[in-house]
Amino acid sequence: MNDLCVDLGYGSLNKFGEQLCGDMIQVVKDDDTTILVLADGLGSGVKANILSTLTSKIISTMIAEHMSIEDCVNTIMATLPVCKVRGIAYSTFTIIKITNNDYAEIIQYDNPTVILIRDGQNYEYPTETKIISGKKIIESKINLKCDDVFVVMSDGAVYAGVGQTLNYGWQRENIVEYIEFHYDYRFSAKAIASLVLDACNNLYAKMPGDDTTIAAIKIRKRKVVNLMFGPPQKPEDVNKMMSLFFAKQGRHIVSGGTTSTLAAAFLDKKLETSINYIDPKIPPAAKIEGVDLVTEGVLTINQVLEYAKDYVDKNTLYNEWSFKKDGASEIAKLLFEEATDINFYVGRAINPAHQNPNLPIGFNIKMQLVEELSKTLKLMGKTINVSYF
């Protein structure tokens, strides 16, 4: 396994006044392959949503079953009706298949051409045009490098601002310039997708004239973050838990008062506490030499979970945690933006203060928090490993 991995991020704006989005993204992952399909259904609303859902589901399922591109495209062309008035297929699509995190195949049908950013600049990749089932398909095969970023979009992006803020909309070259100007190699795929989507929304004066979807795929180095939360159930397991935790490569976060005290003792370092509240809701972070981040436990992790749920949904709290310096915001930055692989070390010792009378006796709030957080981080595409002690 190479030390590269695929980081994905995407978001959509619904056409103003519509409840459903006519664009659809499907992602299928297995051990060595990542497939992303963006389908854009004709028109908007329910019909477009059904067409794009059908298209993206059919394509992603077939490609995941190792069927050839030709077969996929033929099936879609045969399955989807053609609009009698305009003579065009009812859904356009873009397919990106990444193998072993270092090789990409791209298939494009009638969507704006995929942008590849390499070393912070637009990179003109090779394309080959084929006619399949009478339709013009653009195919590309590309060997990838670390930090390569693909930006995939529906045509709502290139129509942004037509007749409002711009005469002819935001052309592909304008989008390329915008990404190059704002590019930072530390950005996650989600940050890049959000950056472009926000710009589209502003050009539409927050009233999109078309469904607009942006997806970003970034090839990046694996980064491990380890988080220890709560002391072990049996006091005699403290050394085992600490040894395993600190032996892991990557960054180390220790959450919880008792846990921090035990970690400091294990490392034979001083635990420096603080009384400075950056955020009145979040207890102050502490410091231990040799640990990247030391925070309070349940309240902090609960806030991280709130940020995580929002991040995979509307991402409205991004500016809140990405600029703040309290414990929960710092954990959010490390887990959402930096980490690709996250290892949780969870102690099962029960803190009497955390017992919720509404839960069954002995049920531990920590377990619930970690389970929910793991589930949400998996939705972000993170690789999660949880060990209980």
Per-residue ellipticity at 222 nm for the chain, helices alone: DSSP H runs ≥ 4 residues times -39500 (n - 2.57), over residue total, nearest 500 deg cm²/dmol? -9500 deg cm²/dmol
Each label point is 7 Å from the Cα along the Cα-to-Cβ direction; what then is the distance between the points at Val312 and Lys240, in nm? 3.1 nm
In the stretch 154-239, trypsin sites (Lys or Arg not before Pro) in a DSSP loop with at most 12 other beta-carbon atoms within 10 Å: Arg186, Lys206
Cα to Cα, under 18 Å, and not fewer than 8 places away if on the same chain: which lysines meet these conditions relative to Lys314? Lys15, Lys190, Lys206, Lys333, Lys375, Lys378
With +1 on the Cβ of every Lys and Arg and -1 on the Cβ of every Asp and Glu, and nothing else charged, how large is the dipole of the stretch 27-96 about its Cα centre, in debye rounded to the nearest 20? 560 debye
Among Pro235, His252, Ser12, whose Cα projects farthest towards the positive end of the dipole of the chain, with charges put on the beta-carbon of Lys, Arg (+1) and Asp, Glu (-1)? Pro235
If you take the alpha carbon radius of gyration of the chain and divide it by 2.2 N^0.38 Å, what ratio comes out, to two decimals? 1.11
The stretch 68-157: proportion of alpha-carbon pairs further apart than 17 angstrom, %: 53 percent
Can you pull the Rg over Rh of the stretch 245-323, Cα-only, Kirkwood? 1.02
Charged-residue dipole, Cβ positions (Lys, Arg, Asp, Glu), the stretch 232-346 about Cα centre, Debye nearest 20: 140 debye
Relative contact order of the stretch 227-268, please, whole-number percent, based on alpha carbon pairs below 8 angstrom and at least 6 residues apart. 54 percent
In nm, to one decimal, how far is the modelled label at Lys269 from the one at Val386, with both set 7 Å along Cα→Cβ? 2.7 nm
If contacts are Cα pairs under 8 angstrom and at least 6 residues apart, what is the relative contact order of the stretch 20-133 in percent? 24 percent
Out of Ser194, Asn101, Ala332, whose Cα points farthest toward the positive end of the dipole of the chain (charges: +1 Lys, Arg; -1 Asp, Glu; placed on Cβ)? Ala332
Cleavage-rule hits (GluC sites (Glu not before Pro)) in the stretch 1-78: DSSP loop, at most 14 neighbouring Cβ within 10 angstrom: Glu65
Fully extended contour minus Cα-Cα distance, from Met67 to Lys206, at 0.36 nm per residue: 46.0 nm
Compute the Cα gyration tensor for the stretch 245-389, then decide on rounded, prolate or oblate, letting a ≥ b ≥ c be the square roots of its eigenvalues: rounded whenever a/c is under 1.5, prolate when a/b is larger than b/c in the other cases, and oblate in all that remain. rounded
Per-selection metrics, the stretch 105-145 (Cα): Rg and Dmax in Å: 11.5, 37
Residues of the stretch 109-129 with the amide nitrogen closer than 15 Å to a label point 7 Å from the Cα of Glu180, along Cα-to-Cβ, please. 115-125
Please report Rg (one decimal) and Dmax (integer) in Å for the Cα set of the stretch 19-168. 15.6, 46
Normalising by the residue count of the stretch 245-300, find the relative contact order in percent from Cα pairs under 8 Å and 6+ residues apart. 39 percent
GluC sites (Glu not before Pro) restricted to DSSP loop in the stretch 274-350 with at most 16 other C-beta within 10 Å: Glu289
So what's Rg/Rh here for the stretch 166-267, counting alpha carbon atoms and using the Kirkwood radius for Rh? 1.28
If you place +1 on the Cβ of every Lys and Arg and -1 on the Cβ of every Asp and Glu, how big does the dipole about the Cα centre of the chain come out, in debye to the nearest 20? 560 debye
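Each reported figure results from applying straightforward, stated rules to the coordinates on display, with no laboratory input. Here the structure is a predicted model, which is why all the values come from computation and not from measurement. Neighbour counts are summed over all protein chains in view; Cβ atoms, including those assigned to glycine, are modelled from backbone coordinates with ideal geometry.
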